[in-house]
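**Q** Take this structure first; my questions come after.
Where a number appears in this text, it was derived from the coordinates with a stated rule and is not lab data. No experiment lies behind these values; they were computed from the predicted model shown. Glycine gets a Cβ as well: all are built from the backbone with ideal geometry, and neighbour counts include every protein chain shown.
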């Protein structure tokens, strides 16, 4: 019996989704040089009305809309690995399942607000500003599920007490580091300027690099675990 | 069926129905009187309702055969409801007037 | 299972699951809280409440009360018959209860329809808000009660089941619908 | 303090039930923390009046500017903890003699509940508070969005409680007492009672009303306190078998 059938395919969707996310990220004109929260309503409206920007906003956000849930299969693979760990209860794998839908749903909400703002750029600038705020605040501040899945994964790894643990302890340590790097972004509402603002060092650069780092690290260790599991199963067969 | 028990249930039903029908009398207060708050009617309505509730609890729901704890609990709820409803009526009226 | 052959009332027992009594007492407290809010709001604008209340027909309320009291009586008979292992009688009484519950249901819907026809809706005024709220939340308990009675009938139907405890638990739930209505009747239809 | 740390370390190393205890302590700590954040720091509970004028709403946001921004930031950081809380509660259903479908339904329903349950409200309040000079009409929209998403989303809790109720009533493994199953029904019924909050702006049925908020909150707090206590007992009784749970050890 090969329980891991198809897991390799799911694993290799990760680099594809990564490339797509990165391209959409670069395509959105508000990300490369993140939009400042200090812009006035008129300036924000002008950003959406700019014929240079508008198509790029729409197309990048449509791509995000397609692929926002792209990480869920990878989270499902993590769940499968947690199930192989030496635990007494399925609580940790349940908890990752509970996290899996939360993050993408929130990201989709942010995506909807951006698309709504871009749908009728001639709206009253105050309304465009509100949609823009909603999008950025939702996007930046909603780190709860990302933190939770890192912390839960770390706990699961620490409590995986067997001869050959599924993941090494350093994976748990790095997950905790990622969780710590994500946390400051939750305070995004407190400042319109400086490192906490949504275009700032902590809320934008550190947060998004932490997400990227997590995807790369988990991609590698997950790949190694899955291939090791496959060869072990082939040997057993 | 145990004839004694059956008779008892029917007597209880008749008593409860008779009390309920007697409340139809309030309906005859048409016109002016109907549109005035009436503390007597209100308190009697609440008290009669709670008496009916207690009869239902004791007879139909067989609390009279139940352990003392359940009797006490249901009775304290009946008292609590009475105090709560009458109390909020009279206190509320006093606040509205004052 | 209870000792069903014993026709003498047993010394001190809780009818049905004691757990259901926790539900009964908790719901009774929640409803008491609703009632207190209603009475307090009512005393703050007595004229409005009385004027709207005059549009309710006391006779309909009395009819509803009589129907539910009778349904309580029949379900009590059902329990008693089941205890004496006359399951045929018990089943008849369970069906009678269902029928009476259904009469209440239809009559309540007709009353609501008539009030809406006359132009009194949920948002018409404060009295009618409370009227619809209290009758509707009670109605919801009644709908759950049909499910409960179905369980009771299901138990009585086959000799393989017939758990006296379950039947008594169902009956206790049904009586709760009845005694809560007695209070709602007093507060909506009779009180001045 | 060091004794406490040593105790925790012991449990971490040797306690068979550590995963369950992690779940239980997360539940206890976070319910208290959420209470503190919503009631004391952000001061969004008890809820304000739905009938405020736009200018009063601007004032409302202004009065608790830092409370909202700071309080909800903490909510955002720890909000994901609900995942482990719900996983623990779902585990209780897995331990019952019922189908796993109950545990899975509960898990997914409450994972979804986090959004309308607090995150949308947090986003709306943060956006409202971050620009006090925003158009008052839009502030009023954000205010409605915050409170109606929070209070007016009932289905997840309604169906979630009913799933738990059916599981408890059918269970033969004695995981929870039957009366807790019925208490779930009481909680589900109060979720129905919130619905008029979508219709009324004042009175007992509005989102700050005596019936739609106060009585419901009392029922919810009772329900939560009860299941935390019962969950603790369940963990103490847990034997990791598949049959009925033993009695509480003396």
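**Q** Using only alpha-carbon positions, what ratio does the radius of gyration of region A:1-128 give when scaled by 2.2 N^0.38 Å?
**A** Here the answer is 1.38, to two decimals.
**Q** Residue by residue through D:112-118, how many Cβ atoms from other chains fall within 10 Å of the Cβ on average? Write down the numbers at each step before the final one.
**A** Working: counts 4, 0, 9, 6, 0, 0, 1.
For peptide D:112-118, the averaged partner shielding equals 3.
**Q** Next up: If neighbour count is taken as other Cβ atoms inside 10 Å, put D:161, D:105, B:44, D:242 in order from fewest to most.
**A** Ascending number of Cβ neighbours within 10 Å: D:242, B:44, D:105, D:161.
**Q** Further question on the same structure: Taking neighbour counts of Cβ atoms within 10 Å as a proxy for exposure, in what order, fewest first, do D:126, D:190 appear?
**A** Fewest-to-most Cβ neighbours within 10 Å comes out as D:190, D:126.
**Q** Where the centroid of each part is defined by its Cα atoms, how far is region A:104-162 from region D:140-194 in Å?
**A** Value for the Cα centre distance between the two parts: 27 Å.
**Q** State whether region C:22-68 is rounded, prolate or oblate according to the following rule on the C-alpha gyration tensor (a ≥ b ≥ c being the square roots of its eigenvalues): a/c under 1.5 gives rounded; otherwise a/b larger than b/c gives prolate, and the remaining case gives oblate.
**A** Verdict is oblate for region C:22-68.
**Q** In a GNM of chain D with a 10 Å cut-off on Cα contacts, which of D:85, D:93, D:130 has the highest mean-square fluctuation?
**A** Ranking D:85, D:93, D:130 by mean-square fluctuation puts D:130 first.
**Q** Scattering from the C-alpha atoms of region C:18-190 alone, worked out with Debye: what is log10 I(q)/I(0) at q = 0.08 1/Å?
**A** For the requested q values the scattering log ratios are -0.28.
**Q** Which residue, A:225, A:210, A:156, tops the fluctuation ranking in a GNM of chain A built on C-alpha contacts under 10 Å?
**A** A:225
**Q** Another question about this same structure. What ranking of B:20, A:105 emerges when the number of other C-beta atoms within 10 Å of each C-beta is taken as an exposure proxy, fewest first?
**A** On the way: B:20 24, A:105 18.
By the 10 Å Cβ count, ascending: A:105, B:20.
**Q** Same structure again: Compute the Cα gyration tensor for region B:3-97, then decide on rounded, prolate or oblate, letting a ≥ b ≥ c be the square roots of its eigenvalues: rounded whenever a/c is under 1.5, prolate when a/b is larger than b/c in the other cases, and oblate in all that remain.
**A** oblate
**Q** Using only the Cα atoms of region D:16-65, build the gyration tensor, take square roots of its eigenvalues as a ≥ b ≥ c, and label the shape rounded, prolate or oblate: rounded if a/c is under 1.5, else prolate if a/b is larger than b/c, else oblate.
**A** prolate
**Q** Also, I was wondering about something else. Of D:23, D:35, D:117, which is the most mobile in a GNM of chain D whose springs link Cα atoms less than 10 angstrom apart?
**A** Top of the fluctuation ranking is D:35.
**Q** Mean residue ellipticity at 222 nm from the helices of the protein assembly as shown, using -39,500 (n - 2.57) per DSSP H segment of n ≥ 4 over the full residue count, to the nearest 500 deg cm²/dmol?
**A** It lands at -23500 deg cm²/dmol.
**Q** Here is a further query. Using the alpha carbons of region A:7-236, what is the convex hull volume per residue in cubic angstrom, as a whole number?
**A** In region A:7-236, the Cα hull volume divided by residue count equals 106 Å³.
**Q** Between 0 and 90 degrees, rounded to the nearest ten: what's the tilt of helix A:169-182 against the longest Cα principal axis of chain A?
**A** Rounded to the nearest ten degrees, it is 10.
**Q** Which value, to two decimals, describes the C-alpha radius of gyration of chain D once divided by 2.2 N^0.38 Å?
**A** 1.12
**Q** Taking Cα centroids, how far is region D:195-216 from region D:22-75 in Å?
**A** Taking the Cα centre of region D:22-75 as reference, the centre of region D:195-216 is 19 Å away.
**Q** Ignore the peptide's own chain and count Cβ atoms of other chains within 10 Å of each Cβ in A:133-146; give me the average, rounded.
**A** The shielding value for this peptide is 6.
**Q** Within 10 Å of each Cβ of D:120-129, how many other protein chain Cβ atoms are there on average?
**A** That average works out to 6.
**Q** Now, a different point. Beyond 50 Å, what share of the Cα-Cα pairs of the protein assembly as shown is found? Please give it as a whole percent.
**A** 28
**Q** Against the longest principal axis of chain D, how steep is helix D:82-94, in degrees 0 to 90 to the nearest 10, with axes from Cα atoms?
**A** Around 40 degrees separate the two axes.
**Q** If I fit a long axis through the Cα atoms of helix B:39-55 and take the longest principal axis of the Cα atoms of chain B, what angle between them do I get, 0 to 90°, rounded to 10?
**A** 10
**Q** Still on this structure, I have one more. In units of 2.2 N^0.38 Å, what is the alpha-carbon radius of gyration of region C:1-113?
**A** Here the answer is 1.45, to two decimals.
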